[in-house]
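The values are calculated or read from the model by the stated rules, or taken from the named source; none is laboratory data. Quick caveat: nothing in here was measured; it's all calculated off a predicted structure. Don't worry about glycine lacking a Cβ; one is built from the backbone with ideal geometry, like all the others, and counts go over all protein chains shown.
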Amino acid sequence: MKIKTTLALIIIFSCLVSAQTKLLWFDATANFTRFSYQDSIKYYLDKTRAAGFTDIALDIKPITGEVLYKSDFAPTMNEWAGFTRDGSFDYISYFIKECHSRGMKLHASLNIFVAGHNFFDRGLVYTKHPSWISVAYTDSGLVPVSGLKHKYSAMTNPANREVQLHELDILKELVSKYRDLDGIILDRVRYDGIEADFSELSRQKFEEFIGSKVERFPEDIFEWQKPAEGKPFKKEGKYYKQWLLWRVKVIYDFFAEAREEVKKLNPAVSFGDYTGAWYPLYHELGVNWASSRYDPYPEYNWALPGYKKYGYAELLDFYTTGCYFFEVTKEEVKKLNQEAIRTEAGMGKGKEYWYSVEGSAEIAMKVVNGAVPVIGGLYVEQYDGHPEQFKRAMKMCLDKTNGLMVFDIVHIINRDWWYLFN
């Protein structure tokens with residue numbers, strides 16, 4: 001009897017492990033030429049399935065604001081880096097068919113509040129919609145993000161209703177056009193950073209939110225201090241925390257509306273989201289991806305008592321979080337502290353325990369609080385020259401969260417790291 005019970009437990013445990021989501025991301029521009037050919041798509045999907053992945057995130061709306069299908073609302077990206085794709089090729093339909101034939105799910109990934117690539121001056125904010133660009137409050141003054149050429153993403157203003165309606169139109173079109181999609185994953189549903197958006201439109205909407213005029217804008221939000229020696233720094237103004245609260249409300253309201261519109265058209269499609277996993281700093285991006293049951297107010301000094309109302313985890317069916325750190329364990333943070341490859345928005349340069357795959361995964365699980373499965377994500381490029389560290393990081397995501405996301409297939413291909421998944 002004891003042997004039978006043990007075997008039964010092993011079988012149950014094996015089923016639970018095999019049921020974990022393993023998601024591989026397919027970036028649009030990095031793989032543009034490679035996935036313009038059907039035989040190449042089939043070849044790499046075979047390798048993806050053999051590596052144990054269950055799901056694909058197919059980037060169909062890169063940061064330029066273009067899309068990889070024929071759209072009534074956005075320009076179609078038929079050319080990238082000098083290569084022109086056959087305009088008759090229905091890229092998304094083919095991926096759906098080939099993924100399903102291999103028993104894998106296909107999620108369409110879309111970059112939302114961004115509409116331009118600053119390195120190439122390409123995208124909607126450079127052509128039809130320059131007024132959509134986010135305005136950054138830098139130590140040199142107010143500057144459109146399109147003028148900050150050290151940033152590759154030309155982010156838009158999330159509070160701009162025209163921008164919101166444009167993005168909603170694309171989401172509705174996508175789920176109507178491709179009924180067999182398993183899911184969508186929204187990316188960059190955020191502000192450009194703590195320095196954005198300081199446009200006149202945002203000022204007006206914030207004043208409506210607090211019910212009074214802001215006499216000194218943007219200084220009453222925060223003010224740049226410029227010491228005689230050292231770098232400029234920000235001094236919080238009297239409306240700083242209310243400003244943070246208003247921004248997370250903007251993002252929450254968009255998620256609520258987007259989910260409603262998507263589910264109205266296709267209730268079966270999974271509604272997902274990607275963010276970074278560094279929750280203690282994510283308020284700088286205007287995002288509260290936690291559960292509304294988690295209250296950051298007692299724990300973090302940037303949160304007001306009402307902050308938890310705008311936790312949007314309950315609005316999701318699928319959540320993947322970027323545990324984008326070279327350090328795998330919390331203990332390694334003290335020893336390694338790989339600050340040089342912390343390149344994502346709002347990451348900071350600290351040495352707290354959550355600057356690790358283990359620590360950031362634990363925080364993600366804590367604040368999401370069971371509202372939705374959490375899929376721990378890794379950025380392959382951070383492990384360049386360290387394949388065993390990458391393998392340890394993958395195991396940590398699987399141990400600490402409900403699955404694994406790997407960004408991006410191009411990095412696996414370039415390093416021929418397929419063997420690491422065996």
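Just a few scattered comments:
- Counting only residues that are hydroxyl-bearing (Ser, Thr, Tyr), assigned to a loop (DSSP other than H, G, I, E, B) and either at pLDDT below 95 or surrounded by fewer than 14 Cβ atoms within 10 Å (Cβ to Cβ) (or both), the range 68-91 holds 1 of them.
- The set of residues in the range 92-109 being surrounded by fewer than 20 Cβ atoms within 10 Å (Cβ to Cβ) and farther than 13 Å from Asp180 by Cα consists of Arg102, Gly103.
- Single unsatisfied condition, Asn157 versus (1) touching a Ser or Thr at 6+ places or on another chain (Cβ under 9 Å); (2) under 23 Å from Leu24 (Cα atoms); (3) crowded, with 20+ Cβ neighbours inside 10 Å: (2)
- Of everything in the range 310-333 that is in contact with a helix residue (DSSP H, G or I) (Cβ under 6 Å, 6 or more places away or on another chain) and part of a loop (DSSP other than H, G, I, E, B), the residue that is nearest to Asn369 (Cα to Cα) is Tyr312.
- The range 196-225 - residue that is among the polar types (S, T, N, Q) and part of a loop (DSSP other than H, G, I, E, B) and, of those, farthest from the chain's Cα centre (by Cα): Ser212
- Residues of the range 373-401 that are farther than 18 Å from Trp354 by Cα and touching a residue at least 60 places away in the same chain (Cβ under 8 Å): Pro373, His386.
- Considering residues of the range 39-59 that are out of contact with any helix residue (DSSP H, G or I) (no Cβ under 6 Å at 6 or more places or on another chain) and closer than 29 Å to Phe120 by Cα only, the residue surrounded by the fewest Cβ atoms within 10 Å (Cβ to Cβ): Tyr44
- Count - residues of the range 379-402 that are at negative phi and not in a helix (DSSP H, G or I): 5
- Subset of the range 125-153 that is among the aliphatic types (A, V, I, L, M) and under 28 Å from Lys235 (Cβ atoms) - its residue that is farthest from the chain's Cα centre (by Cα): Leu142
- Residue match in the range 97-105 (condition: touching a residue at least 40 places away in the same chain (Cβ under 8 Å) and assigned to a strand (DSSP E or B)): yes
- Unique match (being on the phi > 0 side of the Ramachandran plot and either surrounded by 16 or more Cβ atoms within 10 Å (Cβ to Cβ) or in contact with a helix residue (DSSP H, G or I) (Cβ under 8 Å, 6 or more places away or on another chain) (or both)) among Gly286, Gly272: Gly286
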